[in-house]
Amino acid sequence: MQELDKLRLELDVIDEQIVTLFEQRMAISTRMGVLKNEGGIEVWNEAREAAKVRNREKMLRNRSLTAYVDKLFETILELSRQRQEEQQDR
Ligand SMILES: O=C(O)C(=O)C[C@]1(C(=O)O)C=C[C@@H](O)C=C1
């Protein structure tokens with residue numbers, strides 16, 4: 001179907017943007033992991049993660065996507081922490 005093909009192309013463009021942004025996010029997170037290691041600071045920052053949940057609840061316009069966004073960010077934060085753990089000597 002013509003419309004399906006068009007929509008697939010649109011998804012391809014968005015996926016490319018997601019990967020680019022994810023790469024940028026992980027680069028920043030990696031640097032933070034290095035700084036945390038140098039400063040003896042814990043990787044997991046509970047207060048910051050809680051603030052993020054509140055923030056994205058405000059940002060999200062389509063409320064029916066709340067559970068999906070929560071799941072997405074759970075994964076993003078888990079990967080971010082995992083990456084930072086790789087920068088720790090201990
Ligand atoms: O804010 C920090 O301290 C970060 O390291 C960033 C980040 C994130 O990826 O958003 C990662 C780990 C922390 O648990 C909280 C948030």
Notebook entry, point to check: Suppose every K and R has +1 on its Cβ and every D and E has -1 on its Cβ; what is the size of the dipole of the stretch 1-54 about the Cα centre, in Debye to the nearest 20?
Noted result: 340
Checklist line | Dipole of the chain, positive end: most advanced residue of 40, 22, 82 [Cβ charges, Cα centre] | finding: 40
Checklist line | Shape category assigned to the chain from the gyration tensor of Cα positions, a/c cut at 1.5 | finding: oblate
Checklist line | Fully extended contour minus Cα-Cα distance, from residue 54 to residue 10, at 0.36 nm per residue | finding: 12.9 nm
Next item on the list: Order 1, 26, 59, 32, most accessible first, counting only protein heavy atoms with a 1.4 angstrom probe.
Entry: 1, 59, 32, 26
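Which value, in debye to the nearest 20, gives the size of the charge dipole of the chain about its Cα centre, when Lys and Arg are +1 and Asp and Glu are -1 at the Cβ?
Details: 16 positive and 18 negative charges, 96 e Å.
Using only the charged Cβ atoms, the result is roughly 460 debye.
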Notebook entry, point to check: Accessible area of residue 10, 1.4 Å probe, to the nearest 10 Å²?
Noted result: 90
Item checked: Whether the stretch 49-90 is rounded, prolate or oblate, judged on the alpha carbon gyration tensor where a/c under 1.5 counts as rounded -> prolate
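Sorting 11, 60, 65 by accessible area (1.4 Å probe), largest first, what list results?
Ranked list, largest accessible area first: 11, 65, 60.
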Next item on the list: Would you calculate a helix-derived [θ] at 222 nm for the chain, using -39,500 (n - 2.57) for each DSSP H run of n ≥ 4 and dividing by the full residue count, to the nearest 500?
Entry: -28000 deg cm²/dmol
Next item on the list: Could you check the simple spin-label distance between residue 17 and residue 65, using points 7 Å along Cα→Cβ, in nm with one decimal?
Entry: 1.0
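The values are calculated or read from the model by the stated rules, or taken from the named source; none is laboratory data. Predicted, not measured: the structure shown is a model, and the values here were computed from it. Note that we place each Cβ from the backbone using ideal geometry, even for glycine, and neighbour counts take in every protein chain shown. All accessible areas refer to the heavy atoms of the entire protein, side chains included, with ligands and DNA or RNA removed. Shrake-Rupley method; radii C 1.70, N 1.55, O 1.52, S 1.80 Å.
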